[in-house]
Structure formats: C-alpha cells, structure tokens
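J.: Let me give you the structure first, and then I'll get to my questions.
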Amino acid sequence: MHIPGYSQLVSPLCDDNPYLQIRVPKQLPEVVLLKSDLGDVPVIDHKPSKLPLFKKQYENKVIIGSKVADSCCYGHTQFHLIPDKLKRERFVRPNLQDEIEIVYRANGVASLFAWTAAQAMYRGFWNEADVTRPFVLQAVVTDGKYFAFFCYQLNTLALTVETIQNNPWKNICWGTDSKPLYDVVEDVSVKGFNDEVLLQLACFLNRPKEL
C-alpha cells in the first residue's frame with residue numbers, strides 16, 4: 001500500500017491492539033521441530049490490496065509490546081476482545097452463523113503472526129536473514145462469554161515475493177472453535193459453568209510449568 005508522503009511501497013500490516021498481554025523472561029518452547037514436514041499446505045494467492053478490508057494506511061512499524069528494556073522480553077499470551085460490531089449476535093440475525101468462527105480464527109492468526117514476527121525481528125531476523133529457531137506465542141480471543149484458544153509457531157520470515165519461492169518452511173497455527181464459559185447470568189448467579197473452558201485457560205497460562 002502507498003502512504004502519503006512516502007515514495008516506497010509498504011507491505012500490508014496488522015494494526016493489533018490486544019486487551020491484555022502477558023510477557024515472560026524465557027521464550028516459549030517449540031511445539032514441533034522447526035524443520036518438521038507439514039505435508040502439503042494450500043496456498044491462497046490473493047493480493048491483500050484486492051480485499052475490501054484494507055481501508056487505512058499505516059507507517060511500517062514493529063513493536064513487541066514494550067519500547068524500553070524489560071526483563072520479561074518474550075511474549076506468552078495475548079487476550080483479545082471481539083468488538084461489538086463483530087459480536088456473534090450480529091451474525092445470527094442475518095443467518096450467517098457459519099461465519100462466526102472465522103472472526104475468532106482471523107483474529108488469532110493475524111495477531112499472533114504479527115506478535116511472533118515482531119519478536120523475531122527484535123532478535124535480528126528478517127526476510128533475508130530467516131529465523132534459526134521457532135517463535136511460539138498464544139492468544140485467547142473472547143467476547144466475554146465465548147472463548148477460543150490459539151497457539152502460533154513462526155518458522156519463517158522469508159515471505160516476500162523473492163524469498164518465498166524456494167522456502168520449504170511454513171508457519172503453523174493451532175486453534176479451537178469458540179466455546180461458552182457459561183450459559184447465562186441471572187441476578188448474581190452464573191448458570192451452566194463450563195469447566196472445560198476454564199481448564200483450557202488454566203493450561204494455557206501454566207505453559208510451560210517452569211515459567
């Protein structure tokens with residue numbers, strides 16, 4: 001995309017604003033080996049500029065969550081709140097329920113790629129000097145009632161037109177569908193509490209145990 005006042009072409013960015021971010025002094029361990037064979041991965045060859053999503057233009061910048069020296073310099077987990085305009089009720093009324101999970105998935109994938117890429121770039125890696133170790137981060141995406149969990153492993157930054165041609169590595173994102181933490185709140189009582197979602201959240205925040 002082009003930015004007024006700039007002559008160069010700027011790559012599409014993720015303008016990400018997590019509600020909460022947890023950082024730790026040690027990097028999260030890899031989920032799978034960096035050079036694992038992931039099999040055939042489908043390629044969606046659409047230019048972002050052709051999509052109606054990109055209505056704003058930003059200066060290219062990468063921030064890991066802090067701008068000053070910090071002993072907790074590695075990311076762990078982000079929490080993202082679904083905005084009101086994308087709440088699931090707005091999809092139910094026009095009979096678009098099949099698109100509800102896309103909102104959670106897109107938020108998890110885009111935000112975690114941006115965060116892992118920022119972590120890697122702050123360590124000196126970029127598209128011409130690709131990562132030598134994976135960068136792993138987690139995200140919880142919620143509207144306050146429904147929760148979805150994502151884990152992203154960045155295996156490569158060589159994603160430009162020039163570098164991706166002979167790049168065998170793929171980035172990976174694991175995720176769940178959104179599930180309700182509870183059924184309903186009546187007066188001061190929470191009914192239909194979902195222990196499975198609470199356990200998933202506890203496991204996320206307790207990974208790995210040595211942190």
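J.: If the chain between residue 87 and residue 170 were fully stretched, how many nm would it gain, using 0.36 nm times the residue separation less the Cα-Cα distance?
T.: Working: separation 83, 0.36 × 83 = 29.88 nm, distance 3.11 nm.
Contour length minus the Cα-Cα distance gives 26.8 nm.
J.: Moving to a separate point now. Can you check what the net charge comes to around residue 31, using other residues whose Cβ is under 14 Å from the Cβ of residue 31 (Lys, Arg +1; Asp, Glu -1)?
T.: Values: positive: 35, 133, 170, 207; negative: 30.
For residues surrounding residue 31, the net value is +3.
J.: Turning to a different aspect of this structure: Please work out how much length the chain gains when fully extended from residue 162 to residue 102, using 0.36 nm per residue of separation minus the C-alpha to C-alpha distance, in nm with one decimal. Numbers along the way, then the final one.
T.: Working: separation 60, 0.36 × 60 = 21.60 nm, distance 2.99 nm.
Computed gain between residue 162 and residue 102 is 18.6 nm.
J.: In addition: Determine how many Å³ per residue the convex hull of the Cα atoms of region 64-121 encloses.
T.: Values: hull volume 5.1 nm³, N = 58.
Given the Cα convex hull of region 64-121, per-residue volume reads 88 Å³.
J.: While we're here: Working with all protein chains in place, sort 41, 24 by solvent-accessible area computed with a 1.4 Å probe, largest first.
T.: On the way: 41 65, 24 15 Å².
Largest accessible area first, the residues go 41, 24.
J.: Something else: Starting from the 7 Å offset along Cα-to-Cβ, what nm value, one decimal, do you get for the label separation of residue 17 and residue 207?
T.: Result for the modelled spin labels: 2.8 nm.
J.: Can you check what the net charge comes to around residue 135, using other residues whose Cβ is under 11 Å from the Cβ of residue 135 (Lys, Arg +1; Asp, Glu -1)?
T.: Working: positive: 123, 133; negative: 30.
After counting each charged neighbour, the total is +1.
J.: Now for a different question. Taking only the alpha-carbon atoms of region 106-209, what semi-axes of the equivalent ellipsoid follow from 5 times the gyration tensor eigenvalues under a square root, in whole Å, largest first? Provide the component values of the computation, followed by the final result.
T.: Working: eigenvalues 260, 33, 21 Å².
Ellipsoid semi-axes (Å, largest first): 36, 13, 10.
J.: Work out, step by step, the length gained on full extension between residue 187 and residue 129: first 0.36 nm times the residue separation, then minus their alpha carbon distance; give nm to one decimal.
T.: Difference between extended and current length: 15.2 nm.
The values are calculated or read from the model by the stated rules, or taken from the named source; none is laboratory data. Quick caveat, the model's predicted, so the values are computed rather than measured. All Cβ positions, glycine included, derive from the backbone under ideal geometry; neighbour counts span all protein chains shown. Ligands, DNA and RNA are stripped out before the accessible areas are found, and what is left, the full protein with its side chains, is counted by its heavy atoms. Shrake-Rupley method; radii C 1.70, N 1.55, O 1.52, S 1.80 Å.
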